[in-house]
């Protein structure tokens with residue numbers, strides 16, 4: 001009896017201590033949910049990583065940028081996205097800064113050029129390409145947007161415009177999710193948040209170290225080794241594969257085909273041609289996604305066939321995002337790929353002109 005009473009008293013002390021710690025923590029510490037950098041980990045209603053909806057501004061490159069009602073770039077100042085139509089083939093492009101394309105007018109960016117090229121190639125069909133790209137985001141962010149914003153717009157095709165560094169800091173979105181019962185505890189999410197900060201700080205230090213070595217040596221092998229280490233990390237790679245499978249599965253469950261591209265990185269490789277592209281080892285990992293049943297288009301052959309220096313496709317040496325020529329190269333190559341044409345041509349041939 002004494003032993004049972006002692007156990008109950010110990011349980012009471014532990015529970016009371018946890019309750020007290022939870023209360024004190026909520027009063028004395030800042031809730032990690034308040035951190036705007038926690039993309040995809042916060043309350044699903046948060047818009048912390050999207051642009052201010054229904055606003056326009058001028059970028060540092062002097063380009064007028066229009067943001068639609070959902071917080072993504074749009075061709076014109078009209079913030080509304082039309083309702084889905086059975087007569088229109090709607091393509092949603094997910095991505096990061098390469099898709100957002102802040103340095104160029106919208107019609108020079110990949111989504112704008114893709115719509116123009118598809119209309120020219122299939123003049124009897126009505127195409128609409130919507131851009132869902134935001135700088136500094138990764139594939140987990142894109143999965144969240146797919147669920148909350150893109151699929152309700154009923155696209156016929158979802159195109160993920162993948163960039164090699166989208167795997168960086170990938171674990172950030174696995175730290176806090178209020179849909180998990182345990183993340184409703186302040187203490188739990190605070191401890192997990194501190195672990196998140198430690199891990200991301202390590203990754204940032206590693207990238208800074210790599211960058212310093214590159215400045216000193218100008219050796220492209222440094223960046224090649226860096227990306228190879230990221231894609232060679234089983235935890236990161238398995239998380240990426242799982243997220244890409246979710247993008248595919250949830251798209252197809254909603255009636256939209258899913259396909260992804262992998263843009264060749266221009267950053268730090270601007271002084272040579274792509275037949276010497278240093279990131280082939282990382283791209284080789286992405287090519288295995290076909291084993292997961294994911295439609296994947298490797299864009300590297302487009303650059304190799306064109307046989308031009310990487311800088312020819314960059315905005316400037318200081319801004320190594322794709323310029324108009326680079327985006328046009330990608331679009332021209334993509335619309336000729338059997339993987340892509342196999343999705344588009346049945347939609348064009350459908351009686352309604354679309355698959356929605």
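Values in this text are rule-based calculations from the coordinates and carry no lab data. Worth saying up front: this structure is predicted, and the values here are computed from it rather than measured. No Cβ is skipped: glycine too gets one built from the backbone with ideal geometry, and neighbour counts run over all protein chains shown.
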- Query: Percent of alpha carbon pairs in the stretch 56-349 separated by more than 31 Å?
  - Reply: 30
- Message: Taking the Cα centroid of the stretch 332-349 and of the stretch 129-163, what is the distance between the two, rounded to the nearest whole Å?
- Response: 19
- Task: Please quote Rg/Rh for the stretch 202-356 to two decimal places, taking the Kirkwood radius as Rh and restricting both calculations to Cα atoms.
- Result: 1.02
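Order of 211, 277, 313, 226 from fewest to most other C-beta atoms within 10 Å?
Numbers: 211 14, 277 18, 313 26, 226 22.
Ranked by crowding around the Cβ, least crowded first: 211, 277, 226, 313.
Can you give me the orientation-averaged projected area of the convex hull built on the Cα atoms of the stretch 234-293, in nm²?
Quarter of the Cα hull surface area: 5.1 nm².
Quick check on the exposure proxy: order 91, 81 from fewest to most C-beta atoms within 10 angstrom. Show your work: numbers first, answer last.
Details: 91 23, 81 16.
So the ranking, lowest neighbour count to highest, is 81, 91.
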